[in-house]
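Written out below as structure tokens is the structure these notes cover.
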Amino acid sequence: QVQLVESGGGLVQAGDSLRLSCAASRVTFRAYTLTWFRQAPGKEREFVAGVDGSLGTYMLDSMKGRFTISRDNSKNTVYLQMNSLKPEDTAIYYCAANPGQLIRATVRDYAYWGQGTQVTVSS
């Protein structure tokens, strides 16, 4: 059973930065695509960014320029660097994993999820 544990969330002010981490265990890390989703209060969970085992990435256009996804295969960890945070970035951020090298952007395509980490951005 794949286990994912997120960390790095918190309360910050608009314009600040945060780096989220997601540590994976019980998995052949390189064989999995890792993604970040987020869910704001009252909204559906949405895709943020993904990275495959060969370090190929995909990110929504709305996130480009502020967010960066990366992974360290030696540490079984994926990161989401978030800069210039805005109040509308407030959400629970979830890490998800899927075997294979295709980055999918829909919730139903992921069988493995972390518990989430709260990010709150005050104005």
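The values are calculated or read from the model by the stated rules, or taken from the named source; none is laboratory data. In this text, all values refer to a predicted model and were calculated from it rather than measured experimentally. Positions of Cβ are backbone-derived with ideal geometry, glycine not excepted, and every protein chain shown enters the neighbour counts. The protein model used for the area step is the full one, side chains on, heavy atoms only, and it has no ligands, DNA or RNA in it. Shrake-Rupley method; radii C 1.70, N 1.55, O 1.52, S 1.80 Å.
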- Within the stretch 45-65, can one find any residue that is at pLDDT 95 or above and at positive phi? no
- Selection count, the stretch 75-91, where residues are under 23 Å from Ala111 (Cβ atoms), under 15 Å from the mean Cα position of the chain (by Cα) and part of a loop (DSSP other than H, G, I, E, B): 1
- From the list Asp52, Asp16, Asp72, which one is over 17 Å from Val107 (Cβ atoms), under 15 Å from the mean Cα position of the chain (by Cα) and touching a residue at least 40 places away in the same chain (Cβ under 8 Å)? Asp52
- Note on the structure: Among the residues of the stretch 27-74, the number that are open to solvent by less than 80 Å² (accessible area, probe 1.4 Å), in a loop (DSSP other than H, G, I, E, B), among the charged types (D, E, K, R) and within 16 Å of Tyr93 (Cα to Cα) is 2
- Message: Let me spell it out: the conditions are (1) open to solvent by 50 Å² or more (accessible area, probe 1.4 Å); (2) at positive phi; (3) touching a helix residue (DSSP H, G or I) at 6+ places or on another chain (Cβ under 8 Å); (4) not acidic (Asp, Glu), and Ser84 meets all of them except one. Which number is the exception?
- Response: (3)
